[in-house]
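Engineer: Attaching a single structure in structure tokens format; questions to follow.
Read-outs: derived from the displayed coordinates by stated rules, not from any lab. The shown structure was predicted, so the numbers you read here are calculated from the model rather than taken from an experiment. Glycine gets a Cβ as well: all are built from the backbone with ideal geometry, and neighbour counts include every protein chain shown.
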Amino acid sequence: MQLKNSTAIITGGASGLGEAAARLFIANGARVAILDLNEAAGQALESEFPNQLKFIKTDVTSEGEVQNALEVALQTFGSIQVVVNCAGIAPASKIVGKVDGIYGPHSFELFEKTIRINLIGTFNVMRLAAFAMEKNEPNAEGERGVIINTASVAAYDGQMGQVAYAASKGGIVSMTLPVARDLAKSGIRVMAIAPGLFETPLLMGLPEEARISLGQQIPFPSRLGKPSEYALLAKSIVENPMLNGEVIRLDGAIRMAPR
């Protein structure tokens, strides 16, 4: 699958990893539809790339909103070949601990919200986009589409306070192979990227000393990952037809400590 003249749906594409993927895809000749709730950032990107990018305000957990977004993308660009799921949240809470100064069990609502956005939202976009992709004419390799989901190293070595986040990302890891098998007959590949510590809005909100300290925990290169490096891997996945049904750790060889 080539990015040139293809259309990519990128959830959470108004910032961070998703924005980096959108910029690299556009630089390589793709058209991009961003599904995000951040109107200001999304509209700014649309203004920057008026002919190549369409921002569609979308809650990925809503069947109706995602279906509408895909229809808008199809009306705007004609087809959908690539999906990159980056939308997600990363709350911190222990299964038993202090929340707002009160000691007690993990919030049920927070756990449910994290699973709903990170895992169910990813599934929701995958299933609806795959249905649309099945209508594509296959290319010379028989491909009709590529889906890339964003997991996390937390799926494998989640830290203290990451129970909800790790569970949601572990679900994404576990979905990768069965969904790839489900869609193999349709020529749709499914992959996942598990980033380590990256310069996302969440980490960039920390003090500089804290960011440097986190980067030094990574064996090599001993720094935080750059969103552009996530985008490079996403591009490689799109363009390599043998990559299917696998999760790739993008983490500089880090294995997270308990805290």
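Engineer: How high is the relative contact order of the range 22-118, in percent, counting Cα pairs under 8 Å that sit 6 or more residues apart?
Structural biologist: This gives 19 percent for the range 22-118.
Engineer: Okay, next question. Return Asp157, Asp100 ranked ascending by Cβ neighbour count within 10 Å, so the fewest neighbours appear first.
Structural biologist: With the fewest neighbours first, Asp157, Asp100 line up as Asp100, Asp157.
Engineer: By counting other Cβ atoms within 10 Å of each Cβ, how are Thr11, Thr61 ranked from fewest to most?
Structural biologist: Thr61, Thr11
Engineer: If you take every DSSP beta bridge fully contained in the range 2-84, what fraction is antiparallel? Give it as a percent rounded to 5.
Structural biologist: On the way: 0 of 13 bridges.
Counting DSSP beta bridges with both partners in the range 2-84, the antiparallel share is about 0 percent.
Engineer: Here is the link list: Lys4/Lys54; Lys113/Lys226; Lys169/Lys235; Lys57/Lys185. Which ones come out longer than 24 Å on Cα distance? All intermediate terms of the calculation are to be shown ahead of the outcome.
Structural biologist: Working: Lys4/Lys54 17 Å; Lys113/Lys226 27 Å; Lys169/Lys235 21 Å; Lys57/Lys185 32 Å.
Correct reply: Lys113/Lys226; Lys57/Lys185.
Engineer: Now for a separate question. Distance from the Cα centre of the range 149-180 to that of the range 213-259, in angstrom?
Structural biologist: About 14 Å separates the Cα centre of the range 149-180 from the one of the range 213-259.
Engineer: In whole percent, what relative contact order does the range 108-186 give with Cα contacts below 8 Å and a gap of six or more residues?
Structural biologist: Over the range 108-186, the number comes to 35 percent.
Engineer: Given contacts defined as C-alpha pairs under 8 Å and at least six residues apart, what's the relative contact order of the chain, whole-number percent?
Structural biologist: Relative contact order of the chain: 21 percent.
Engineer: Return the aspartates and glutamates within reach of Lys94: Cα separation strictly under 14 angstrom, same-chain partners fewer than 8 residues apart disregarded; answer none if there are no such residues.
Structural biologist: Glu109
Engineer: Given a Förster distance of 41 Å, report the FRET efficiency between Lys185 and Asp100 from their Cβ-Cβ distance, rounded to the nearest 0.05.
Structural biologist: So the FRET efficiency works out to roughly 0.25.
Engineer: In which sequence would Val32, Val247 go, from the one with the fewest C-beta neighbours within 10 Å to the one with the most?
Structural biologist: Fewest to most other Cβ atoms nearby, the residues stand as Val247, Val32.
Engineer: Can you show me the helix-derived [θ] at 222 nm for the chain, built from DSSP H runs with n ≥ 4 at -39,500 (n - 2.57) apiece and divided by the number of residues, rounded to the nearest 500.
Structural biologist: -12500 deg cm²/dmol
Engineer: Return the ratio Rg/(2.2 N^0.38 Å) for the chain, where Rg is computed over Cα atoms only. List each step's numbers first, then the result.
Structural biologist: Details: Rg = 18.0 Å, N = 259, 2.2 N^0.38 = 18.2 Å.
Dividing the Cα radius of gyration by 2.2 N^0.38 Å gives 0.99.
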